[in-house]
Amino acid sequence: MAPEYTPNSFDPLSTEQIANTICETFERQPLVSMTHEIPRFEGSGLYALYYRGTSVDMYLPLAHLQIPVYAGQALSSNSATGEKVREKYPLHSRLKQHRLSIIEGGLPIAEFRFRALLLPDVHADLGENGLRVGYQPIWNSKLKGFGSKEQGATTRKSKKSMWDTVHDGRRRTHGGIVHNVEMLITTAKAHIEQQVSGYDSLAWPHPDADLLLDLDTS
């Protein structure tokens, strides 16, 4: 009796396949040093932050992998209203804010990199979801609060975020402290261990090596 056989199915325009293509293309972009101020550029799109150092023990297992510590998007329109964002440089502005947060949080900025790709909003959204689901970046998942913006009285009423509890120092106001720093660090380390163990199971291939772009604007 002949064995049963059914050909594989492939839809190149499926949401999943488009997201995988975006993530694969994204990871072929150079990693850019954050040591210096980031030269201004126009546009919106997808970005992620990476640790490439030796001095922060918690993030050391990620230093040679394509696992971001944070993934996000900067859109050209307001998703709630559909109106165009007035900011001409949304992606650059977001990266600039994050650079300052890393510095104020007491982390060595020279050991962090970013990767960015200009994209239409709908594709940036797919790419961000792909990176977040595929990698579950530590600052998106277990140490939340890194990407939050200072909003005056609103922030003052909010409890201190997980990220700000572990990386204290940002020049912003907070409400009460509700998180235990030792417990957060333990949880973060366990999560990173899981990330590393599942690194080769993603739907898109990893680049073999980083292409580093050092933007020395001094």
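The values are calculated or read from the model by the stated rules, or taken from the named source; none is laboratory data. Keep in mind it's a predicted model, so treat the numbers as computed, not measured. Cβ sites come from the backbone with ideal geometry, for glycine too, and all protein chains shown count toward neighbours. Areas reflect the complete protein model, heavy atoms only, side chains present, ligands, DNA and RNA absent. Shrake-Rupley method; radii C 1.70, N 1.55, O 1.52, S 1.80 Å.
List of remarks:
- For beta carbons closer than 9 Å, sequence separation of 6+ or different chains, a first residue in the stretch 38-61 that is within 30 Å of residue 186 (Cβ to Cβ) and β-branched (Val, Ile, Thr) and a second that is open to solvent by 60 Å² or more (accessible area, probe 1.4 Å) and modelled with pLDDT of 95 or more, the qualifying pairs are 54/60.
- When residue 164 is tested against (1) within 19 Å of residue 74 (Cβ to Cβ); (2) among the acidic types (Asp, Glu); (3) surrounded by 20 or more Cβ atoms within 10 Å (Cβ to Cβ), just one condition goes unmet, and that condition is (1).
- Of residues in the stretch 112-134 being open to solvent by less than 30 Å² (accessible area, probe 1.4 Å) and of a type in the set (D, E, K, R), the one nearest to residue 91 (Cα to Cα): 115
- Checklist (1) in a helix (DSSP H, G or I); (2) under 17 Å from the mean Cα position of the chain (by Cα) applied to residue 16, failing item: (2)
Per-residue answers, yes or no, for (1) open to solvent by less than 90 Å² (accessible area, probe 1.4 Å); (2) at pLDDT 85 or above; (3) out of contact with any Asp or Glu (no Cβ under 6 Å at 6 or more places or on another chain); (4) within 21 Å of residue 31 (Cβ to Cβ):
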| residue | (1), (2), (3), (4) |
| --- | --- |
| 150 | yes, no, yes, no |
| 157 | no, no, yes, no |
| 172 | yes, no, no, no |
| 181 | yes, yes, yes, no |
| 191 | yes, yes, yes, no |
| 211 | no, no, yes, yes |
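- Criterion (assigned to a loop (DSSP other than H, G, I, E, B) and among the polar types (S, T, N, Q)) met by exactly one of 173, 187: 173
- Once the stretch 193-209 is narrowed to residues that are open to solvent by 60 Å² or more (accessible area, probe 1.4 Å) and in a loop (DSSP other than H, G, I, E, B), the residue that is farthest from residue 15 (Cα to Cα) is 209.
- Residues that are of a type in the set (Val, Ile, Thr) and open to solvent by less than 50 Å² (accessible area, probe 1.4 Å), drawn from the stretch 36-69: 38, 56, 67, 69
- Count - residues of the stretch 137-148 that are at pLDDT 95 or above and open to solvent by 40 Å² or more (accessible area, probe 1.4 Å): 2
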